[in-house]
1. How far apart, in nm, are two points set 7 Å out from the Cα along the Cα-to-Cβ line at residue 36 and at residue 49?
2. State, to one decimal in nm, how far the label point of residue 82 lies from the label point of residue 23, with both points 7 Å from Cα in the Cβ direction.
3. At a temperature of 20 °C and a viscosity of 1.002 mPa s, determine how fast the range 40-94 diffuses translationally according to Stokes-Einstein, using the Kirkwood radius over alpha-carbon pairs as Rh; express D in µm²/s, rounded to the nearest whole number.
C-alpha cells in the first residue's frame, strides 16, 4: 500500500496578514481595555489578537528589565469598538 502524504488544509495554512481595519480595531480594543482596567505599573505591552467574528484575546504584560509576566488575560466580545463582555470580568485595578 503506498504511503499517503499529508495535505495542508486551508485551516492550517498561514494566516493572511492583518487588514488595516483589523489593525485599527485591535488598537481600539487595547485603548478600551486600559480605560476599564487602568494602566498597571511597569506595563510592557497589551497584546490584542482577533480570534473569530467579534471575539478577541487580550493579554497584558508587565515587568522590568529582563523579567516579564502576563498579569492579565481576557477573552473579549467586541461590538462597534466597545467591549460587550469579558471573561474574566474586567475590574478597575490600577
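A short reminder: the numbers here are calculations on the coordinates, not readings from a lab. Bear in mind the structure is a predicted one, so any value in this text is a computation, not a measurement. Cβ: placed from backbone, ideal geometry, glycine included. Neighbour counts: every protein chain shown.
1. 1.9
2. A separation of 2.8 nm, rounded to one decimal place.
3. Working: Rh = 12.1 Å.
Diffusion coefficient, whole number: 178 µm²/s.
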